[in-house]
């Protein structure tokens, strides 16, 4: 176990009494509770932690927050791990196994760094330009490229972690718990309003934890801790640490991802997704430090100046032994001071500006740190930082400074993401040289350094202002006294003159001294931006997509503004003219598991089972889903294959009797004076003429004339009807009916009730099926043979202990003599059992959906979803004669459109393979000639197909262009989607191929 | 995710509702509407930026029908009412005038 060489003996917000051991690439290291992965790695002197995306250059920890472009690690080993974890954000836990990414075979020696040598030819657009030709080679290129590109590897298994989702509400959501957020939170907390305060870091306080700030007689860290405890003790405040507000959506909905890993109990989830609807939102999202662009600015040892302060002050880690600070603004002077005071030798501070305030120079003077004014620098090349070369403008002298830490600061970019996602505007502040928030679109406001404020006291004041604003909006009364006194930080007293400058260093963009990275994560250099501009990618959106600047897991948090400023300069236009790319959620990557939450596997959707389910299971049913319903596909007997089972079941219905569970059908009842009128308006058939005790079957249409569903209407009494619809369309039809009755025709006196759950049903079909049912009818004078085809009767059936009321409709979907028997759901299971007992001797066979399908295809009956697929009119189905000429109905107007009556429409026909050995499959394309290829060659498709035991060959229904005029023609079926390219010759035949006159059905 | 205030149930998340159609697509008079008017109503609508009258179904709530006045660009909702009350307000659109 190694010593933490770079850890200081005192200070920091780490618990030295709670050491954690962890491993990095197998090496055992030590850290403390309170560490991030990054601070622990730095404490152990682990400078290089990753290889870069494209050139595989060694990279170190660059930042101290979620903006980290370089230090993406794999956390966890074995089957389940998390790739691309930002080392600067993830909290250290005992026993964590960390692995670096993006190299082969090892972090120290990466073969793929040869890419770096090839960089002269691997310029922007290299892949797009190179691997395009010849086109058929793309699969070869792709296999290689996929292997060497990409960021991290996805775990092989889902792991055991649980992810949860929470819906929540609050009066005020405050995003960001830095100075502004805390000032707002404590002020508003005293009003009693419900408040949520969230921060993506592991601890409330933001930069107060990372700076040596003073608030009255407390340090910034003490003040933040005191406020944290105060807020946590209040019942109306919910504090969420390690929680990122990653998306701001419509109507003040903010999505948060909370990571519980380090603190959780065993029964807690790994992450929690919060959907928070807030009455008001305060965005105190802060700002992110920008890099400076110079040669070799990506070496391990180079980091943002603020990050160096953060590791020092919050984690008691010196990021190096000999430092140089390079800046174009005042804030980095604090890095020089803090590092010096912590015992790091500071070789120099290099400032690109000509004029520097005395406040800043005083900081250096006190510590004897040399200052280079109006100067730039470049880093020496190598695998890590060893020295820099400083050049003062207008002088040829170069000063070489040895150092192992270079702290850079190119200014601070307001974190506009959430404000922009909410629809808020931004404007360019020329003095600050950054975009700042403009007007809000939703009920939100911004506070603190996101507005471009950088003095601690200004940020605190602004938090208070935001609190007062929000209180006013919500009608709360608030104390306006400051909850702190005279706050200050070193070098924070004067804003200083900011010099807008992104790229520095001599030699221009084409300097041979080394690569000048704009985007570290995507390895986009200044040269790439120049080239993209030269090739006319002059829009920021094009620049992003062509060079990949601003893509990846960090979405350009550190690089975007530098890139677009560079583009602005190349275009010779002001920055606002060039604009920004769109800020889209998520702010930081969100795991897919979190978005899925508990909605996985069997929790994805509820499963509906019919009341006869246990009966099916007992008989060896194989189930399949239809919508949410589990339905028996077939009942497999011992030693039987699925195909044999389906054949046996279908033959049983044709020859003797079969029993099927049809409880899943959608069932409705309507009552009222205007039922007949309603049905006439809904169905294409005339239904007002339907007599009591009779049923009628037919389609209903949508407004656009297409078939919505095909179902049965039974008139139970004068003004009482029973309607059944397709299983899969029940909800849709219910909504259709409700809409028509409630919105379109509220004047109709019709009461609609959904009774799908209230009635269970079976279809009893086959030449001997009546003999099975008859003995169960209590009143023996009630003879079923008197019931005509499409007739209805109610009856009482002999149950085991009591009579079962039943509705019997003589209707057939199989083409055989058949009855549908509906009983109250409580008696459904019993009905199934007593029918099977009764039918035992006559060979009553339960049959599933597959056999039912074969039977109806033989008979030419259409199924909604298969034949009526939403683009099909009654005419296409051959139902012209059903369509009433004497009344209006939904879809009536649309059916008159010429296009629905022209030639060339798909029509339903039957198909018969010329060779009985050929199998037809649903979804196959149909072509006129065996050699036809391409999309235009299709003249239709097979909509339903099955194997008919009656004919001992495939039977199919198909939608064929002008099909009914092509009866007898031979066409070809190609099942290309299943890889069966051989055309199968089929003859177009009539839809019905069994019992053409319906004598068996009406027997 | 948007939020609609159902007159019966109060403010609820969009996931409880289903947008069904533009109010202008509902016929004014089933018996006497001409086919020309009907086809325009069904198929031809302006898609201008601004507030639109929409019909929403509180399908996973009270199953009430709501008439919603909503801005199709900003998603601002300025009115939600039950459909039955006082009949349906149809936006005057060029197609149906």
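Viscosity 1.567 mPa s, temperature 4 °C: give me the Stokes-Einstein translational D for segment A:351-455 in µm²/s, with Rh taken as the Kirkwood radius over C-alpha pairs.
Once the numbers are plugged in, D ends up at 76 µm²/s.
As an exercise, find the ratio Rg/Rh for segment A:296-431 from alpha-carbon atoms, using the Kirkwood inverse-distance average for Rh.
We get a ratio of 1.02 for segment A:296-431.
Compute the orientation-averaged projected area for segment A:542-594 from the convex hull of its Cα atoms and round it to one decimal in nm².
4.0 nm²
Can you tell me the orientation of helix A:138-148 relative to chain A, as the angle in degrees between its alpha-carbon axis and the longest Cα principal axis, to the nearest 10?
With rounding to tens, the tilt is 50 degrees.
Taking the Cα centroid of segment A:561-589 and of segment A:741-761, what is the distance between the two, rounded to the nearest whole Å?
57 Å
Over the alpha carbons of segment A:720-804, what is the largest minus smallest coordinate on each principal axis, giving the biggest first in Å?
Principal-axis extents of the Cα atoms in segment A:720-804, largest first: 47, 29, 26 Å.
Give me the percent relative contact order of chain A, please, defined on Cα pairs under 8 angstrom at least 6 residues apart.
Once normalised by length, the contact order is 9 percent.
When the convex hull of the C-alpha atoms of segment A:566-718 is computed, what volume per residue in Å³ does it have?
Cα-based convex hull of segment A:566-718, divided per residue, equals 328 Å³.
Can you give the % of DSSP beta bridges in segment A:859-1003 that are antiparallel, to the nearest 5?
Roughly 95 percent of the DSSP beta bridges within segment A:859-1003 come out antiparallel.
If you build the convex hull over the alpha carbons only and average its shadow over all orientations, what do you get for segment A:763-921? Give it in nm² to one decimal.
Over all viewing directions, segment A:763-921 projects a mean Cα-hull area of 13.6 nm².
Running Debye on segment A:21-74 with equal point scatterers at the Cα sites and no solvent, what base-10 log of I(q)/I(0) appears at q = 0.16, 0.18 Å⁻¹?
-0.47, -0.59
Mind grabbing the base-10 log of I(q)/I(0) for segment A:930-1003 at q = 0.16, 0.20 Å⁻¹? Debye formula, identical points on the C-alpha positions, no solvent, two decimal places.
Summing over Cα pairs of segment A:930-1003 leads to -0.67, -0.98.
Report the Cα centroid-to-centroid distance between segment A:657-700 and segment A:404-481 in angstrom, as an integer.
Distance between centres, Cα-based: 63 Å.
Between residue A:140 and residue A:114, what FRET efficiency follows from the Cβ-Cβ distance if R0 is 25 Å, with the result rounded to 0.05?
It comes out at approximately 0.80.
Taking the alpha-carbon set of segment A:225-356, what are its Rg and Dmax in Å?
Gyration radius and largest Cα-Cα distance of segment A:225-356: 20.0, 59 Å.
In percent, what relative contact order does segment A:307-352 have, based on Cα pairs under 8 Å that are 6 or more apart in sequence?
Relative contact order comes out at 43 percent.
Which value, in Å³ per residue, describes the convex hull spanned by the Cα atoms of segment A:709-769?
117 Å³
Which of the three applies to segment A:887-929, rounded, prolate or oblate, going by the alpha-carbon gyration tensor with a ≥ b ≥ c and a/c under 1.5 meaning rounded?
prolate
Which whole-number percent gives the relative contact order of segment A:255-391, counting Cα pairs below 8 Å spaced six or more residues apart?
Relative CO of segment A:255-391 lands at 19 percent.
Just the ratio, please: alpha-carbon radius of gyration of the protein assembly as shown over 2.2 N^0.38 Å, N its number of residues.
Normalised by 2.2 N^0.38 Å, the Cα Rg of the protein assembly as shown equals 1.17.
At residue A:619 and residue A:643, where each label point lies 7 Å from the Cα along Cα→Cβ, what is the point-to-point distance in nanometres?
Calculated label separation equals 2.4 nm.
Beyond 22 Å, how much of the Cα-Cα pair distribution for segment A:867-976 remains, as a whole percent?
38 percent
Pairing the Cα long axis of helix A:332-341 with the longest principal axis of chain A, what angle in degrees results, from 0 to 90 and rounded to the nearest 10?
In chain A, helix A:332-341 runs at an angle near 70 degrees to the longest axis.
Roughly speaking, what is the stretch gain from residue A:798 to residue A:833, that is 0.36 nm per residue apart minus the C-alpha to C-alpha distance, in nm to one decimal?
Result: 11.4 nm gained on full extension.
Rounded to the nearest Å, what's the spacing between the alpha carbon centres of segment B:1-53 and segment A:53-67? Just the number, please.
Comparing the Cα centres of segment B:1-53 and segment A:53-67, I get a distance of 51 Å.
Using the alpha carbon gyration tensor of chain B, what are the three equivalent-ellipsoid semi-axes (square root of 5 times each eigenvalue), largest first, in whole Å?
The answer is 25, 16, 10 Å, longest axis first.
Using only alpha-carbon positions, what ratio does the radius of gyration of segment A:657-714 give when scaled by 2.2 N^0.38 Å?
Compactness ratio reported: 1.27.
Which value results when the Cα radius of gyration for segment A:291-375 is divided by 2.2 N^0.38 Å?
Dividing the Cα Rg of segment A:291-375 by 2.2 N^0.38 Å gives 1.02.
Need one number: the % of Cα-Cα pairs in segment A:836-917 sitting beyond the 19 Å mark.
Summing the P(r) of segment A:836-917 above 19 Å gives 58 percent of all pairs.
What value in Å³ per residue do you get for the convex hull of the alpha-carbon atoms in segment A:632-762?
Considering the Cα atoms of segment A:632-762, their hull volume per residue is 134 Å³.
Have a look at the DSSP beta bridges in the protein assembly as shown and tell me what percent are antiparallel, nearest 5.
75 percent
Bear in mind these aren't lab numbers, they're just calculated from the coordinates by the rules spelled out. Given the structure is predicted, the values throughout are model-derived calculations rather than measurements. Neighbour counts run over all protein chains shown; Cβ positions are idealised from the backbone, glycine included.
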